[in-house]
Amino acid sequence: MPKVPEKEEPTPIPYPNDPDDPTKPKTPDYPTTPPQPGQPVPKVPVIPYVPGYTPKTPNGTPLVPIDPEHPEKGYKVPPVPETPNDPKMDTPIKYTPDGQRAIVKFVVVGEDGKETELETSRITVTGKTGEKIPTENFNDTLKKLTGDPVNNGDYELVDNPLKDGATFDNVKDEEGKDPSQVFVVKLRQIYVIPPTPRIVERPSGNTVEVDVPNKDADTLSITFTKRNSTEKETIVTKKDKDGTWKIEKSPVGVTINPMNGRVYIPSEQVRPKTWVDTQTKHKYKQSKIVSVMPNILDVPKFEGTTEWIDVNGNVLRPTENGLHEKGRIANHVWLESRLEGNKVTHIFFAGSPSVDKPEYKITVWFDKDGNPLKPDQPGTHEAGNIPGYRYITTVTEDGITIHRFEKIPPVLPNEPIPDRPEEPNPQPNPEHPSVPTPNPELPNQETPMPEPTPEPDTQRPETPVSPDPEVPTSETNKREELPNTGTEANATLASAGIMTLLAGLGLGFFKKKEDEK
């Protein structure tokens, strides 16, 4: 009585009766050779074939296939058991799962679509029909290939047929050949291209610009030594899923182009003659480190070439080996110099320094210390607004439009306002004492109000004595000078000097009129 898998009730198959004693079952006689044409096919009981399973007797003996070359034809029934007490007792047949194999291959898909197997990573797993295929070794191998926070993988997963799990099938595998189940895991080689740092020197100031490759890079790290310090500064930028680059923490003056990930670092932020180290990363795989110095002439042991070209790429001077300064080229104006890799490029445009040529224009935004506030833009653009900064002036020279801003200082509460120096009092007219010296009227000056007469017994407040405005004391300097500027005191002194000058001009002007009378 065979118990076929996936069937609720076994299907009984009776033994044929013994011709000599019809009350007893008899083991059937199976033909040893196929019947000849025209001969009847003997009717014998057959145990059904189930793919992936082998029928066995209660003691574990496998049944014999009718045709060993074609097990799908079924199996012979076992011999009639010797059960003298109960000759009608059934013989249960149990189907046991066959042993199965499965192979997991890792292939690398090239740019042309060609697949190349990583043969040393092939995995063979065994089990039985219907069992889950184990994935422990598979997961470990995949992690080594694609990387994790510890391992620096060289590949990126493209397709994983085992991501949802799988079970062994019921197909009998042939010896010496691959099993019926071969899982192909597709990978893509990761070539993490390193960043491209360059030094860009312009009349408006020097910057270190770092470009990231447009493929296989999602993180950029930049490390440099701060100016006037031994402390290291690290800048990290990352690309979002939508392709936008963002900077995690932006030091003063450092900007980023969110479209292509280019980072601009003013050379004033970097300690002279120190390296700026740059490195890209894709997931867990890192590129090599590429380093530059913030000034071209500071680069040690430069082994490369120097070229001189115009903005259209035309050669203005033969290329020379080694590092050379830009120098001068007749009828051309220097625009910028770039150090990228092992090549220095000095770029000029046709014209004279006193003429603004429209062939090449660029607009830059700097603070008053020369630090860039926004990425440069080709063409001429308006100054616009920059949060936290106040517009100062715009200068255009050699086709470069420079918008300068100054940082708006924070207003501190309860901070005393510096006293204005007293204005000098002009002397009376020495030649005509009876003629009062005219007081020249200055535009936008308020007429001083007379001081009120104090009431009797009321003390008049003392007027604080201001130091000579032309000789400020150290205490005055400390009080009037703002952090990092030192311009407020100078502005006050300049204002007082201008008023004195105007007063003097007024005296001379009215005196001449008196003489003419």
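Worth pointing out:
- Filter result for GLU115 (modelled with pLDDT of 85 or more and over 30 Å from VAL212 (Cα atoms)): no
- Which numbered condition VAL107 fails, given (1) over 30 Å from VAL182 (Cα atoms); (2) assigned by TED's automatic domain parsing to the domain that holds PRO134: (1)
- Pairs, first closer than 19 Å to LEU63 by Cα in the stretch 29-49, second surrounded by 10 or more Cβ atoms within 10 Å (Cβ to Cβ) and of a type in the set (D, E, K, R), C-beta under 9 Å, six or more apart: TYR30/LYS76; VAL44/LYS76; PRO45/LYS76; VAL46/LYS73; VAL46/LYS76; ILE47/LYS76; TYR49/GLU72; TYR49/LYS73
- Identity of the residue in the stretch 203-239, surrounded by fewer than 20 Cβ atoms within 10 Å (Cβ to Cβ) and at pLDDT below 85, that ends up nearest to ILE265 (Cα to Cα): GLY205
- The single condition among (1) among the β-branched types (Val, Ile, Thr); (2) modelled with pLDDT of 85 or more; (3) surrounded by fewer than 15 Cβ atoms within 10 Å (Cβ to Cβ) that ILE256 does not satisfy is (3).
- Residue in the stretch 173-196 that is without any contact (Cβ under 8 Å) to a residue 60 or more places away in the chain and of a type in the set (S, T, N, Q) present: yes
- Filter pass, LYS246 being in contact (Cβ under 8 Å) with a residue 12 or more places away in the chain and either closer than 23 Å to PRO272 by Cα or in a strand (DSSP E or B) (or both): yes
- Subset of the stretch 141-171 [in a loop (DSSP other than H, G, I, E, B) and under 17 Å from VAL125 (Cβ atoms)]: ASN160, PRO161, LEU162, LYS163, ASP164, GLY165, ALA166, PHE168, ASP169, ASN170, VAL171
- Being at pLDDT 90 or above and buried (at least 17 other Cβ atoms within 10 Å of the Cβ) is true of THR274.
- All told, PRO58 meets the bar of being at negative phi, at pLDDT 80 or above and not in a strand (DSSP E or B).
- Those residues of the stretch 140-186 which are among the small types (Gly, Ala, Ser) and within 20 Å of THR129 (Cα to Cα), in sequence order: GLY165, ALA166, GLY176, SER180
- ARG338 meets all of the listed conditions (1) closer than 24 Å to THR223 by Cβ; (2) outside any strand (DSSP E or B) but one, namely (2).
- For THR234, the criteria (1) free of Cβ contacts under 8 Å to residues at least 60 places away in the same chain; (2) in contact with an Asp or Glu (Cβ under 7 Å, 6 or more places away or on another chain); (3) hydroxyl-bearing (Ser, Thr, Tyr) hold in every case but one, which is (2).
- Residue within the stretch 298-315 that is of a type in the set (A, V, I, L, M) and modelled with pLDDT under 90 present: yes
- Of all the residues in the stretch 342-361, those that are within 28 Å of GLY304 (Cα to Cα) and either at pLDDT below 85 or part of a strand (DSSP E or B) (or both) number 9.
- Residue within the stretch 263-282 that is part of a loop (DSSP other than H, G, I, E, B), touching a strand residue (DSSP E or B) at 6+ places or on another chain (Cβ under 7 Å) and closer than 24 Å to GLN377 by Cα present: no
- Filtered residues of the stretch 298-314 (kept if among the hydroxyl-bearing types (Ser, Thr, Tyr) and either exposed (fewer than 15 other Cβ atoms within 10 Å of the Cβ) or free of Cβ contacts under 8 Å to residues at least 40 places away in the same chain (or both)): THR305
- In the stretch 52-80, the residues that are touching a helix residue (DSSP H, G or I) at 6+ places or on another chain (Cβ under 8 Å) and closer than 18 Å to GLU174 by Cβ: PRO65, ASP67
The values are calculated or read from the model by the stated rules, or taken from the named source; none is laboratory data. Everything numeric here is computed off the predicted structure, so don't read it as measured data. Please note: Cβ atoms are built from the backbone with ideal geometry, for glycine as well, and neighbour counts cover all protein chains shown.
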